[in-house]
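The values are calculated or read from the model by the stated rules, or taken from the named source; none is laboratory data. Because the structure is a prediction, the values reported are computed rather than measured. For neighbour counting, all protein chains shown are included, and Cβ atoms are generated from backbone atoms with ideal geometry for every residue, glycine included.
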Amino acid sequence: MSQPPMTDAVSPPGPLAHPETRGIELIDASERRGRARDLFPVWAAPNVSVLSFTIGASLVLLGLELWQAFLVIIASSLPWILTGIIAISGPAAGTSGSVITRAIYGIRGNRVVVAFFGWFISAVFLALNWLASSFMGAELLAQVGVTDPVIGPVLVTLAVAAITVVVAVYGHGLILRCYPAVALVLLVIFLLVTAFILPHVDWSYAPAEPLQGVPLWSAMSIGFAILASTPLSYSNSPDLARYLPRSTKPPHIIAATSLGGALPSIFFTAVGALLATGIDAAAMDLGIESALLGLLPAWLGPLFVAGVIINTISLNGMTTYTASMAFQSIGVPIRRIPSAVVVGAIGTALTIYLVMSTSLLEAVNLMLQLLVLISGPTMAVFATDVILRRGRYDGDDLFDERPGSPFWYSGGWHVPGLLAVLLGAGLAALFLTSGVWTGPLAAALGSIDLSVPVSLIVTPAVYIALQRLSVKRRSTKNPAANPYPVKEGSAA
């Protein structure tokens, strides 16, 4: 059995005592601690975000009325439940989600999925959030004379990326202890910003030409796809929950994770929609970051920019932390800390490219829509597998990479998981509407974007159907075979 060696415990008395050296290695029961509710601020801190303002404003720019925008915001928060569901696999298995998905794709198949899908999702989110802080920080630098449109954002990106990597290096202990305070600070700052936004809101706002029929459904579906892509991308939730005791109740983990991400997202995205009603088109063309700073008093502007940067570090610190374990899970002989540095370098390079080529609003909307083609199917199949196994995973079996091991399947590949994701992504692409690609079925429907519901329905349906077929064939050869081998005491 090939299992990485155990390393030192990660929860020292002080979170800054030393970096976390553990990567994907199994966590012994003696090192498990904490409560499910500790996850709430861990997820709240990254989601008190300026991107919520940006995406909320984009809903109104699509032509929606306020009540329609609010309906889309609430509906698109439902996928946070899936983020919570997959989180329960962390305490059950005691390892990273990038290892747990071996149960879905097979030992070899998982390497392909994690190497491509996992890195793509991580790089996109690192870049999007660093991009937001780069534009905001550049606006502040312009006030002190640094007006170059490239140098300013690049300098901010490099500084924020460096701090983010430090957070990822110190890892789980730092995140768990510091993020509650970070969430509180960010909440205060963003509520202050909201207080200065509200007087500018046009509560009687109505589009010049209200959307009806197919155009209305198109705008609402596109907005839903953009917003839903955020919770669907958080397939790293098992990584943040894996240090909890195995006896932690799954419903508590689901609630803390889901509500921690959903509540701040819903509130501040709704504020973003309100913001768009009080800003004219010319101001929005300059960028929402400029429009926001223009509404705030001189003393609050720098504080808000600081909040944006802190939020960016909290979110990307979490993302870099979990992405740093992806290399190990696919077999690359690298320790977690050097891996975190590599992840940070990739995200920095992509951010600098985006800084020089696009605006924040364009980048956010386009990349989130394309991201859903990957995140939707992979999240759907992960949540389906957790439900089918009733949250039961055995860490020792997950690290058994020998032919004939429980997750070796057919030559190291698990056809049901791989095929379900490919079909889910392929069909979702046919229903996608974006600036660079409109699927033929979406075009036939008048540019109505059904990529998210298609991926969330098709992927689980294919996975369940193929699993049943696989079980039937296996039971024919061996009536005692168990499609979900779980050792005694391994339930979450």
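Note down all Cβ pairs under 7 Å where the first residue falls in the stretch 131-156 and is within 22 Å of residue 316 (Cα to Cα), the second is of a type in the set (Asp, Glu) and not in a loop (DSSP other than H, G, I, E, B), and they're at least six residues apart or on different chains.
Listed by first residue and then by second, the contacts come to 135/289; 136/289; 139/289.
Consider only pairs whose beta carbons are under 6 Å apart and that are at least six residues apart or on different chains; among these, list those whose first residue lies in the stretch 212-229 and is assigned to a helix (DSSP H, G or I) and whose second residue is acidic (Asp, Glu).
Taking only residues 6 or more apart or on different chains, the pairs are 221/449; 222/449; 225/449.
Considering the stretch 73-89 alone, what residues qualify as being hydrophobic (A, V, I, L, M, F, W, C) and within 22 Å of residue 392 (Cα to Cα)?
Residues satisfying the conditions are 80, 81, 82, 85, 86, 87, 88.
What single numbered condition from (1) buried (at least 24 other Cβ atoms within 10 Å of the Cβ); (2) within 26 Å of residue 326 (Cβ to Cβ) fails to hold for residue 156?
The number of the failed condition is (2).
Which residues, taken from the stretch 77-98, are β-branched (Val, Ile, Thr) and modelled with pLDDT of 95 or more?
81, 83, 85, 86, 88
Of the residues that sit in the stretch 220-247 and are more than 26 Å from residue 377 (Cα to Cα) and within 23 Å of the chain's Cα centre (by Cα), which one is surrounded by the fewest Cβ atoms within 10 Å (Cβ to Cβ)?
243
Can you tell me which residue is farthest from residue 124 (Cα to Cα) among those in the stretch 230-255 that are among the hydroxyl-bearing types (Ser, Thr, Tyr) and not in a helix (DSSP H, G or I)?
247
Within the stretch 340-353, is there a residue that is modelled with pLDDT of 80 or more, surrounded by fewer than 14 Cβ atoms within 10 Å (Cβ to Cβ) and either part of a loop (DSSP other than H, G, I, E, B) or not hydrophobic (A, V, I, L, M, F, W, C) (or both)?
no
Residue by residue, here is whether (1) touching a strand residue (DSSP E or B) at 6+ places or on another chain (Cβ under 9 Å); (2) at pLDDT 95 or above; (3) surrounded by 18 or more Cβ atoms within 10 Å (Cβ to Cβ) holds:
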{"site": "384", "(1), (2), (3)": "no, yes, yes"}
{"site": "392", "(1), (2), (3)": "no, no, yes"}
{"site": "396", "(1), (2), (3)": "no, no, no"}
{"site": "401", "(1), (2), (3)": "no, no, no"}
{"site": "410", "(1), (2), (3)": "no, no, no"}
{"site": "423", "(1), (2), (3)": "no, yes, yes"}
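Would the stretch 427-440 turn up any residue that is closer than 30 Å to residue 248 by Cβ, of a type in the set (A, V, I, L, M) and within 20 Å of the chain's Cα centre (by Cα)?
No, the conditions are met nowhere in the stretch 427-440.
Checking residue 371 against (1) buried (at least 21 other Cβ atoms within 10 Å of the Cβ); (2) at pLDDT 95 or above, which test does it fail?
For residue 371, the exception is condition (2).
Of all residues being in contact (Cβ under 8 Å) with a residue 40 or more places away in the chain and over 20 Å from residue 236 (Cα atoms) in the stretch 29-51, which is surrounded by the most Cβ atoms within 10 Å (Cβ to Cβ)? Just the residue, please.
Restricting to residues being in contact (Cβ under 8 Å) with a residue 40 or more places away in the chain and over 20 Å from residue 236 (Cα atoms), the top hit is 50.
Any residue in the stretch 412-437 that is under 15 Å from residue 384 (Cα atoms) and part of a helix (DSSP H, G or I) sitting within a Cβ distance under 7 Å of a residue that is at pLDDT 95 or above and of a type in the set (D, E, K, R)? List the pairs, counting only those 6 or more apart or interchain.
Correct list of pairs: empty, since none qualify.
Restricted to the stretch 199-219, and to residues that are aliphatic (A, V, I, L, M) and surrounded by fewer than 14 Cβ atoms within 10 Å (Cβ to Cβ), which residue is modelled with the highest pLDDT?
Ranking the candidates gives 214 first.
Being surrounded by 24 or more Cβ atoms within 10 Å (Cβ to Cβ) and more than 19 Å from the chain's Cα centre (by Cα) is the filter here; which residues of the stretch 249-272 pass it?
272
Quick one: what pairs do we get from the stretch 445-471, first residue part of a helix (DSSP H, G or I), second hydroxyl-bearing (Ser, Thr, Tyr), C-beta under 7 Å, 6+ apart or different chains?
Pairs that qualify, where the first residue is part of a helix (DSSP H, G or I) and the partner is hydroxyl-bearing (Ser, Thr, Tyr), are 460/384; 463/384; 464/384.
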